[in-house]
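The values are calculated or read from the model by the stated rules, or taken from the named source; none is laboratory data. Everything numeric in this text was worked out from a predicted model, so none of it was measured. For neighbour counting, all protein chains shown are included, and Cβ atoms are generated from backbone atoms with ideal geometry for every residue, glycine included.
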Amino acid sequence: MIYGKAINGRAIISVVFRLPSQADFSLDFVIDTGFNDHLTLPLQAVNAMNLPLYSSTEARLADGSEALLSIYLATIVWDGIEKLVPVLAAGYKPML
């Protein structure tokens, strides 16, 4: 089971990342109910974790504009199970 918390009216859960040659660590993510398919991390976090580039995709942003976003791959531990997931490099805070 995955547990979270509510902070300032936002649902937050911790996601555990598993990187090669490093101890597991977790980041708090805001749950965005209007979005699906990917985790979203700021580009600085993606670069700091040295995630491998996988692909890119066009996306419509909240302001209605379109942008080409890079997709990276990360290994997370989700409800006790290791999973390889796509991560969009976008925004200023972790979202899922």
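Considering the range 22-45, and only residues there that are polar (S, T, N, Q) and not in a loop (DSSP other than H, G, I, E, B), the residue that is farthest from LEU61 (Cα to Cα) turns out to be SER26.
Being exposed (fewer than 15 other Cβ atoms within 10 Å of the Cβ) and of a type in the set (A, V, I, L, M) is the filter; apply it to the range 22-42 and report the residue that is modelled with the lowest pLDDT. Across the range 22-42, the extreme among qualifying residues is ILE31. Looking at LEU19, LEU88, just one residue is part of a strand (DSSP E or B), in contact (Cβ under 8 Å) with a residue 12 or more places away in the chain and surrounded by 12 or more Cβ atoms within 10 Å (Cβ to Cβ), and that residue is LEU88. Could you go through the range 52-60 and let me know if any residue there is surrounded by fewer than 16 Cβ atoms within 10 Å (Cβ to Cβ) and among the β-branched types (Val, Ile, Thr). Yes - at least one qualifying residue is present in the range 52-60. Within the range 22-51, if we keep just the residues that are free of Cβ contacts under 8 Å to residues at least 24 places away in the same chain and in contact with a Phe, Trp or Tyr (Cβ under 8 Å, 6 or more places away or on another chain), the residue that is farthest from LYS5 (Cα to Cα) turns out to be PHE25. Put simply, of TYR72, TYR54 the only residue that is within 11 Å of the chain's Cα centre (by Cα) and of a type in the set (Ser, Thr, Tyr) is TYR72.
Just one of ALA45, ALA74, ALA62 is out of contact with any strand residue (DSSP E or B) (no Cβ under 8 Å at 6 or more places or on another chain) and within 14 Å of LEU88 (Cβ to Cβ); which is it? Exactly one of ALA45, ALA74, ALA62 is out of contact with any strand residue (DSSP E or B) (no Cβ under 8 Å at 6 or more places or on another chain) and within 14 Å of LEU88 (Cβ to Cβ), namely ALA62.
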